[in-house]
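Peer 1: I'd like to ask some things about the structure below.
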Amino acid sequence: MHPPLYGVATGPADKPAILFLHGFLGAHDEWAGFIEPLSAEYRCLAVDLPGHGQTPPCDDVGFYSFEGAARAILDFLRSQRVQRTHLVGYSMGGRLALYLAVHHPEVCDRLIIESSSPGLLSPGEAAERRAHDAKWAARFEREPLDAVVDDWYLQPLFASLHDHPAAFARLRARRLRNRPKEVGLSMRGMSVGAQEPLWDRLGALDREVVLVVGERDRKYRLVADRMSDLSARIQTVMVSGAGHNAHVEQPDEFGRILRDAIQ
């Protein structure tokens, strides 16, 4: 038996729902600044995904997988009496949103996906990524959390975050609330290398997908371009001056894009 996800809900219960899914090391509260202005017109939901925040630990490693996390999200939506929802997901949360749209389309309306990928097509590349992430997972489990978090954010993907020292300091403080063992389980189970590749399923999606990418995040701009080529329903919106964490680096522009995409 899996524990329920910790989650919060604000806004009128009879309004359209929006579910916010954070990325690796994140938690529900990183969306608070975007939820507040939307909660008068929408039912806004945010959860702590398995291995994160206030969601309880679980003895079953299956809880820390895409299938396990998706099942827990569906249970959370049922507990809130939400039948359909817009999905907003960043990085790992965006990959989970795509998984839900493909495998559980009945609960999904529009998707707003930030800095995410539908997976790795090459089995060799996927195996390489699993091994890479397993090394990080072991570090999270065995070494002081603050040191590993600092090394994590020294990766080139996050270089532009350091141009926003106040925002980065707040982000770092939130990341240090994580539990090391849980972080390791999440990294192994929800690695890009452990993800089912969804590229061949995206063209059949019958809902709108908005891909949000940072101007300075070349890797995910290329991924978004490839995804946009698969369907006229998939469009890309670029956040000026931002990198991989566009919603942290340029929150005002991200908020505007989010409102436009949902409305």
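Peer 1: Scan (1) touching a residue at least 60 places away in the same chain (Cβ under 8 Å); (2) surrounded by fewer than 16 Cβ atoms within 10 Å (Cβ to Cβ); (3) in contact with a Phe, Trp or Tyr (Cβ under 8 Å, 6 or more places away or on another chain) for the single condition H162 breaks and write down its number.
Peer 2: So H162 meets the others, but not (1).
Peer 1: Considering each of A137, A147, A97, A169 in turn, give the residue that is free of Cβ contacts under 8 Å to residues at least 60 places away in the same chain, buried (at least 19 other Cβ atoms within 10 Å of the Cβ) and under 18 Å from G26 (Cα atoms).
Peer 2: Only one candidate passes the filter, namely A137.
Peer 1: Confirm whether D151 is part of a helix (DSSP H, G or I) and under 30 Å from E41 (Cα atoms).
Peer 2: no
Peer 1: Another question about this same structure. Give, as residue ranges, the helices (runs of 4 or more DSSP H) completely inside region 191-262 that count at least 1 residues that are in contact with a helix residue (DSSP H, G or I) (Cβ under 7 Å, 6 or more places away or on another chain) and within 27 Å of A159 (Cα to Cα).
Peer 2: Because the criterion is at least 1 residues that are in contact with a helix residue (DSSP H, G or I) (Cβ under 7 Å, 6 or more places away or on another chain) and within 27 Å of A159 (Cα to Cα), the helices (runs of 4 or more DSSP H) in region 191-262 that meet it are 218-228, 246-249, 251-262.
Peer 1: So which of A70, A17 is within 30 Å of E141 (Cα to Cα), under 18 Å from the mean Cα position of the chain (by Cα) and among the small types (G, A, S)?
Peer 2: A70 is the lone residue from the list that is within 30 Å of E141 (Cα to Cα), under 18 Å from the mean Cα position of the chain (by Cα) and among the small types (G, A, S).
Quick grid of which residues meet (1) acidic (D, E); (2) within 29 Å of R256 (Cα to Cα):
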residue	(1), (2)
G23	no, yes
D29	yes, yes
F34	no, yes
G51	no, no
F63	no, no
A70	no, yes
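Peer 1: Mind listing just one residue for me: the one in region 39-85 that is of a type in the set (D, E) and surrounded by fewer than 16 Cβ atoms within 10 Å (Cβ to Cβ) and, of those, nearest to L98 (Cα to Cα)?
Peer 2: Ranking the candidates gives E67 first.
Where a number appears in this text, it was derived from the coordinates with a stated rule and is not lab data. Just so we're clear, the structure is a prediction, and the values are computed from it rather than from any experiment. Cβ coordinates were reconstructed from backbone atoms using ideal geometry, including for glycine residues, and neighbour counts include every protein chain displayed.
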